[in-house]
1. Among (1) in contact with a Gly (Cβ under 9 Å, 6 or more places away or on another chain); (2) open to solvent by less than 20 Å² (accessible area, probe 1.4 Å); (3) closer than 20 Å to Pro188 by Cβ, which single condition is Gly102 missing?
2. Determine which member of the set Pro61, Pro46 is open to solvent by less than 30 Å² (accessible area, probe 1.4 Å) and closer than 16 Å to Phe183 by Cα.
3. Take the residues of the stretch 218-257 that are polar (S, T, N, Q) and within 19 Å of Gln121 (Cα to Cα): which is surrounded by the most Cβ atoms within 10 Å (Cβ to Cβ)?
4. Scan the stretch 101-118 and give yes if some residue there is within 16 Å of the ligand (Cβ to nearest atom) and out of contact with any helix residue (DSSP H, G or I) (no Cβ under 7 Å at 6 or more places or on another chain), otherwise no.
5. Please list, ordered by first then second residue, the pairs with beta carbon atoms under 6 Å, 6 or more apart or interchain, first in the stretch 206-225 and under 21 Å from Glu185 (Cβ atoms), second at pLDDT below 95 and within 9 Å of the ligand (Cβ to nearest atom).
6. Take the residues in the stretch 46-98 that are of a type in the set (Val, Ile, Thr) and not in a helix (DSSP H, G or I); name whichever of them is farthest from the ligand (Cβ to nearest atom).
7. Mind telling me which of the residues Asn100, Asn85 ends up being of a type in the set (S, T, N, Q) and either touching a residue at least 40 places away in the same chain (Cβ under 8 Å) or closer than 23 Å to Ala218 by Cα (or both)?
8. Kindly indicate the residue of the stretch 225-245 that is over 24 Å from Thr47 (Cβ atoms) and assigned to a loop (DSSP other than H, G, I, E, B) and also nearest to the ligand (Cβ to nearest atom) among those meeting that condition.
Amino acid sequence: MTLREPPGERGEALEQAIEEAARLIAASRHVVALVGAGLSAESGVPTFRGPEGLWTKHGEPDLRDYERFVEDPKRWWEMRRDRANRLGELVQALETAVPNPGHLALRDMEEMGRLKHIITQNIDNLHQLAGSQAITEIHGNRTKLRCVLCNQRWPVEGFLLDELPPKCPDCTAGIVKGDTVMFGEPIPRDALDDCINQSQMCDCMLLVGTSAVVYPAAQFPVDVKSAGGSLIEVNPNETPLTGLCDVVLRGPAGETLPLVVEKLRAAR
Ligand code: APR
């Protein structure tokens, strides 16, 4: 079911798609949500691509970010304030953002036993603030630090930064950096293993607010589909995966996901 009807009839078609999505979720064994920046757009956090996207407005990110960190981690740490100023719009939004009804709907689905896991590409910590429990942050979390060697993580708050770059207090051999995965940085092994395991168990994947152009995240739905699973896209716009999807909710996640939760509750 995809929504290409003229605006007039869209209400009816969206209503049907929401019914269909609820039915598919209720009939599935292991539903996983693959989440992108679009879920946090209604919390005021800018997305990356599209007309208002950060990369559209400020130019593509530095794809050698991680290479520069490895070359000179001390300098990376000394430059962190300048970086924050350069992406001031994003940092400001991240500091004030709160979960929106889309995050709360995913939390509700988890509480109802209808959603087993969230794989999020977002670093904004909004799933945790919404009360979701089963989360893998494939691109890290802005409120944490991570050892690049042993993957141990700590909250940024309270971590002693008396020497730069900070050495890992656990394995003592690695260097500690922000948990947010930089361009050019390998996805931490523990997070990647979680995502692969979840995708292998998944028989229905929700694609919520992602342009599905960044790998390896964009590969997970393709793997679920080729293993016989179903895909539900939740996005006001088409994506390269739209054609693979069984159901498309062509609208904002903050409006459509709560309607799916209502249908799931009514069907219990
Ligand atoms: N509800 C649902 N989807 C929305 C909404 C909304 N209210 N608003 C926008 N979208 C959709 C857009 O149509 C787009 O398809 O969210 C998607 C956002 O796409 P991107 O900005 O590319 O974000 P994302 O897919 O998360 O990017 C993946 O790229 O730059 C890296 O590390 C960054 O994690 C990010 C990764």
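The values are calculated or read from the model by the stated rules, or taken from the named source; none is laboratory data. Keep in mind that what you see is a predicted model, and the values were worked out from it rather than measured. Positions of Cβ are generated from backbone atoms using ideal geometry, with glycine treated the same way; all protein chains shown enter the neighbour counts. With ligands, DNA and RNA removed, areas are computed over all heavy atoms of the protein, side chains included. Shrake-Rupley method; radii C 1.70, N 1.55, O 1.52, S 1.80 Å.
1. Of the numbered conditions (1) in contact with a Gly (Cβ under 9 Å, 6 or more places away or on another chain); (2) open to solvent by less than 20 Å² (accessible area, probe 1.4 Å); (3) closer than 20 Å to Pro188 by Cβ, the odd one out for Gly102 is (3).
2. That would be Pro61, the only listed residue that is open to solvent by less than 30 Å² (accessible area, probe 1.4 Å) and closer than 16 Å to Phe183 by Cα.
3. Asn235
4. No, the stretch 101-118 contains no residue that is within 16 Å of the ligand (Cβ to nearest atom) and out of contact with any helix residue (DSSP H, G or I) (no Cβ under 7 Å at 6 or more places or on another chain).
5. Final answer for the pair search is Ser211/Arg49.
6. Ranking the candidates gives Val98 first.
7. Every option except Asn100 fails the conditions.
8. The qualifying residue nearest to the ligand (Cβ to nearest atom) is Gly229.
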